[in-house]
Amino acid sequence: MSTVRMTVAQAVVEFLAVQHSERDGVRRPLFAGCLGIFGHGNVAGIGQALLQHETRATTEGRRPGLPYVLARNEQAMVHTAVGYAKQTDRLQTWVCTASVGPGSTNMLTGAALATINRLPVLLLPSGTFATRRSAPVLQELETSYAGDVTVNDAFRPLSRYFDRVDRPEQLPSALLAAMRVLTDPAETGAVTLALPQDVQAEAHDWPAELFAERTWHVARPPAERSRIEAAAALVRSSRRPMVVAGGGVHYSGAEVALEALCDATGIPVGETQAGKGSLVHGHPQLMGAVGSTGTTAANALARGADLVIGVGTRWSDFTTASRTAFAAQGVQFVNLNVAPVDTAKHSGLSVVGDAREALTDLARALGDWTVEDAYLVEQQEAWAAWDAQVEAAYHPGPEVTEALAPGVLTQAEVLGAVNELSAPRDVVLCAAGSMPGDLHKLWRVRDRRAYHVEYGFSCMGYEVPASIGIRLADETRDVFAMVGDGGYLMMPTELVTAVQERVKVIVVLVQNHGFHSIGSLSEELGSQRFGTRYRFRGEAGRLDGDLLPVDLAANARSLGATVIEVRDRAGLADAVRAAKAAPDTGPVVIHVTTDPLVSAPGSDSWWDVPVAEVSELDTTRDAAERHARHRAAQRPFLTPTADPGDTHPGDPR
Ligand SMILES: Cc1ncc(C[n+]2csc(CCOP(=O)(O)OP(=O)(O)O)c2C)c(N)n1
Ligand SMILES: [Mg+2]
């Protein structure tokens with residue numbers, strides 16, 4: 001057996017550089033590169049290995065297989081990797097290397113975000129000495145109850161696969177298991193290989209074949225025929241069926257199959273955050289967002305649906321309006337998903353399989369079945385009424401604008417301007433605050449890969465770093481990162497990384513001096529917007545003084561971004577056009593001020609957030625009463641969905 005002598009870190013880098021994913025016969029490098037921040041835990045291990053890898057490529061006049069990108073914050077670099085993975089339908093991602101201790105624990109939030117959103121990222125936190133020869137070392141966690149616990153154990157619950165490589169001999173099996181999980185559509189998420197700092201630098205004789213190119217097939221498992229037939233029978237016996245399209249529609253590339261099913265049957269579609277864009281704006285069956293941040297059209301149909309076909313959705317509380325959206329007596333569910341964990345939810349008919357394959361099979365099984373004409377008319381009318389509200393929110397009249405302070409706009413008109421002046425293929429991106437909900441209901445999607453809202457973890461600070469990942473994944477699209485002032489303050493750092501890499505991202509920084517989202521939630525729950533405004537501490541010792549003199553435009557400029565400040569309504573359109581026209585050399589920030597008290601049109605929906613059951617405050621007591629009334633409408637969905645194939649002729653009598 002021929003062997004190659006390398007360190008563990010060199011072996012990791014050389015292995016990762018030659019991994020590929022393949023689906024539908026198209027092969028791509030699995031890793032676009034390695035994001036990192038070095039410290040004493042990885043500088044001489046993974047750091048040295050990346051240097052050697054890059055130096056060899058430069059000498060040979062080619063790009064390295066695993067190029068290195070220096071990030072500014074470890075949490076942020078995971079967001080960049082996630083943004084990339086989502087934009088490439090989970091077929092490609094990045095590696096993230098961090099030093100021991102805080103460098104590694106900074107990645108925990110990113111790990112949770114990736115796993116919850118089911119998006120692949122490979123994390124390489126460094127660990128303290130496996131040999132313990134200098135223990136305790138800088139940044140080492142010491143506990144009195146165990147000798148083998150490190151801060152990296154905190155990755156275990158957040159990772160879909162976790163391993164710590166304490167001996168070089170363990171590395172090959174750890175690497176292979178990691179690749180399998182990353183490329184498994186049902187299991188993917190954060191994959192963590194913890195690499196102790198001394199092990200990274202340790203030399204070993206590796207079997208040469210470890211470094212052969214490998215291709216990981218991303219499967220499209222078909223659903224069992226009996227499940228498809230049962231689902232088709234349920235559809236045929238329904239009168240008001242509805243599809244709820246989740247992220248799985250995008251990840252499996254099932255949009256065309258979904259459109260064909262809707263065209264043939266007239267079944268309407270409501271979309272989750274991850275599934276938005278499954279049908280593009282203008283499709284007659286598209287009812288838009290469903291659930292707590294849904295359109296009145298989708299929510300009206302959801303209330304009356306007798307059969308709900310979830311495709312690639314995890315049925316989060318926002319999608320189900322905390323189990324109040326689907327209100328018809330006897331409503332039944334069909335759950336079509338590649339991840340078995342999602343198919344048993346709501347006592348639905350479980351159809352385990354790839355969304356594109358299963359939708360195609362379902363359409364075939366339904367033949368020429370269609371919904372009744374009256375249901376089509378209802379869809380059309382519900383949508384027209386909602387779309388008129390969107391139009392009005394995008395273009396507010398004087399009754400709204402005259403009440404605003406000079407230079408202050410509404411959030412909906414900002415979204416409207418970006419929607420109308422961006423190119424159809426440009427990507428809009430958001431994660432937390434009030435904009436995800438407004439985008440969900442208001443944004444008109446014109447291209448299936450053009451809507452990117454991270455709403456599994458809804459992590460403030462995701463926007464700027466993820467926009468870099470999206471742009472790196474597809475340089476033919478402009479990326480508009482919509483970020484609130486709160487989200488921006490949490491993670492403006494990666495503007496510097498965008499400057500370094502000359503990556504053009506357009507950040508729309510919406511200044512409303514605090515939390516519009518949590519402010520209105522607080523008010524609804526009787527907590528009077530307490531602690532949600534960015535203001536001076538006032539005379540009475542409360543946070544209700546004057547606005548703070550922060551200048552986020554100057555902040556962005558100081559980090560190297562080109563900044564365009566919107567001073568009035570006319571300036572908004574000019575700013576979007578100028579950002580589009582800006583050279584492809586670095587980040588552009590549009591700074592715009594909005595009024596946090598003007599909200600987008602309502603969803604006729606609810607979201608369950610607990611309210612204090614006893615209180616000294618009238619506002620809280622009123623909110624508790626409202627909450628109890630809403631809770632009465634919650635449905636447990638425990639009635640088993642009738643399985644038409646379930647006749648059990650073989651049952652003993
Ligand atoms: C990391 C993180 N911390 C806290 C929250 C809870 N949270 C959700 S929205 C929000 C406020 C966001 O403020 P901003 O970005 O200014 O958006 P706005 O609400 O004003 O639209 C907070 C604190 C969160 N989602 N993520
Ligand atoms: Mg804000």
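The values are calculated or read from the model by the stated rules, or taken from the named source; none is laboratory data. These numbers come from a predicted model, not from an experiment. With ideal geometry, Cβ positions are generated from the backbone for all residues, glycine too; neighbour counts draw on all protein chains shown. All accessible areas refer to the heavy atoms of the entire protein, side chains included, with ligands and DNA or RNA removed. Shrake-Rupley method; radii C 1.70, N 1.55, O 1.52, S 1.80 Å.
Hydropathy first: keep DSSP H helices in the chain averaging at least -0.5 on Kyte-Doolittle, then drop any whose Cα extent along the axis falls short of 24 Å, and list what survives. Could you put the intermediate results ahead of the total?
Values: long enough: 373-394 (32 Å, -0.35).
Helices passing the filter in the chain: 373-394.
Would you pull out the residues with amide H under 5 Å of Val427's amide H, same chain only if 5 or more places away, H placed 1.01 Å from N?
Those qualifying (amide H under 5 Å, at least 5 residues apart or on another chain) are Asp478, Val479, Phe480.
In region 344-481, carbon and sulfur make up what percent of the accessible area (probe 1.4 Å)? Before the final figure, lay out each step's value.
Numbers: 2570 of 4880 Å².
Carbon and sulfur atoms account for 53 percent of the accessible area of region 344-481.
With equal scatterers on the alpha carbons only and no solvent term, can you work out the Debye log10 of I(q)/I(0) for region 429-567 at 0.13, 0.15 1/Å?
Taken in order of the listed q values, log10 I(q)/I(0) reads -0.62, -0.80.
Whole-Hz Karplus ³J(HN,Hα) for region 400-409, in order, using 6.51 cos²θ - 1.76 cosθ + 1.60 and θ = phi - 60°, x for Gly and Pro?
8, 5, 5, 7, 8, 5, x, x, 9, 10
Whose amide H sits under 5 Å from the amide H of Thr150, counting only residues 5 or more places off or on another chain, with H placed in the peptide plane?
Amide H neighbours of Thr150, under 5 Å, 5+ apart: none.
Can you give the log10 of the normalised intensity I(q)/I(0) at q = 0.30 Å⁻¹, computed with Debye over equal Cα scatterers of region 95-153?
-1.25
For region 547-562, what does the Karplus curve 6.51 cos²θ - 1.76 cosθ + 1.60, with θ = phi - 60°, yield as ³J(HN,Hα) per residue in whole Hz, taken in order and with x for Gly and Pro?
Each residue's phi maps through the Karplus curve to give 4, 6, x, 8, 10, 6, 5, 5, 4, 5, 5, 5, 8, x, 7, 7 Hz.
Given the C-alpha centroids of region 227-290 and region 117-183, what is the distance between them in whole angstrom?
Using only Cα atoms, the two centres lie 41 Å from each other.
Mind checking Rg over Rh on the chain, alpha carbons, Kirkwood formula for Rh?
Values: Rg = 25.9 Å, Rh = 26.3 Å.
Looking at the chain, the ratio lands at 0.99.
From zero outward in steps of 5 Å, how is the percent of C-alpha pairs of region 81-125 spread across the bins?
Per 5 Å bin, starting at 0, the Cα pair percentages come out as 6, 26, 30, 22, 11, 4, 1.
Quick one: plug the Kirkwood hydrodynamic radius of region 242-293 (C-alpha pairs) into Stokes-Einstein at 20 °C, 1.002 mPa s, and report D in µm²/s. Kindly include the intermediate steps, with their values, before the conclusion.
Details: Rh = 10.6 Å.
Calculated translational D: 202 µm²/s.
Looking at the chain, what % of its DSSP beta bridges pair antiparallel, to the nearest 5? List each step's numbers first, then the result.
On the way: 11 of 76 bridges.
Bridges in the chain are about 15 percent antiparallel.
Quantify, in whole percent, the carbon and sulfur part of the accessible surface of region 136-244 (1.4 Å probe; protein heavy atoms only).
C and S atoms contribute 51 percent here.
Report the percentage of all Cα-Cα pairs in region 354-506 whose separation exceeds 28 Å, rounded to a whole percent.
Considering region 354-506, 37 percent of its Cα-Cα pairs are separated by more than 28 Å.
So how compact is region 502-578: Cα radius of gyration and Dmax in angstrom?
16.1, 48
How long are the three semi-axes of the equivalent ellipsoid of region 135-182, in whole Å, if each is the root of 5 times an eigenvalue of the C-alpha gyration tensor, listed from largest down?
Details: eigenvalues 117, 38, 13 Å².
Result for region 135-182: semi-axes of 24, 14, 8 Å.
How big is D for region 295-367, in µm² s⁻¹ as a whole number, if Stokes-Einstein is applied with the Kirkwood radius of its Cα pairs at 4 °C and 1.567 mPa s?
The calculation lands on 101 µm²/s.
What shape does region 548-653 take by its C-alpha gyration tensor, where a ≥ b ≥ c are the square roots of the eigenvalues and a/c under 1.5 counts as rounded, a/b above b/c as prolate, and the rest as oblate?
Details: a/c = 3.70, a/b = 1.76, b/c = 2.09.
It comes out oblate by the Cα gyration axes.
Please compute, over every Cα-Cα pair in region 172-284, the percentage with a separation greater than 20 angstrom. Present the calculation step by step, with values, prior to reporting the outcome.
On the way: 3922 of 6328 pairs.
Counting pairs separated by more than 20 Å, the tail of P(r) holds 62 percent.
Using a probe radius of 1.4 Å on heavy atoms only, what accessible surface per residue do you get for region 509-653? Whole Å² is fine.
On the way: 8920 Å² over 145 residues.
Averaged over the residues of region 509-653, the accessible area is 62 Å².
Would you please give the residues with an amide H less than 5 Å from that of Ser603, counting only those at least 5 places away or on a separate chain, with H modeled from the backbone geometry?
none
Below 30 Å, Cα to Cα, which lysines can Lys580 reach? Residues fewer than 8 away in the same chain don't count.
Those lysines meeting the cut-off are Lys86, Lys276, Lys441, Lys504.
What is the log10 of I(q)/I(0) for region 202-263, computed with the Debye formula using one identical point scatterer on each Cα and no solvent, at q = 0.23, 0.27 Å⁻¹?
For region 202-263, the Cα-only Debye profile gives -1.20, -1.31.
How big is region 393-478 by the Kirkwood estimate over distinct Cα pairs, in Å? List each step's numbers first, then the result.
Details: mean 1/r = 0.0711 Å⁻¹.
Taking the inverse mean of 1/r over all distinct Cα pairs, region 393-478 comes out at 14.1 Å.
Count the net charge of all other residues whose Cβ sits under 14 Å from the Cβ of Glu391, scoring Lys and Arg as +1 and Asp and Glu as -1.
Numbers: positive: Lys441, Arg444; negative: Asp387, Glu413, Glu420.
Around Glu391, the charge tally is -1.
State in Å² the accessible area per residue of region 424-464; use a 1.4 Å probe, count heavy atoms of protein chains only, and round to the nearest integer. Can you show the working numbers first?
Values: 940 Å² over 41 residues.
Solvent-accessible surface per residue comes out at 23 Å².
Calculate the radius of gyration of the Cα atoms of region 35-172 to one decimal place, then report Dmax, the largest Cα-Cα distance, as a whole number, both in Å.
Every Cα atom of region 35-172 included, Rg and Dmax give 15.7, 53 Å.
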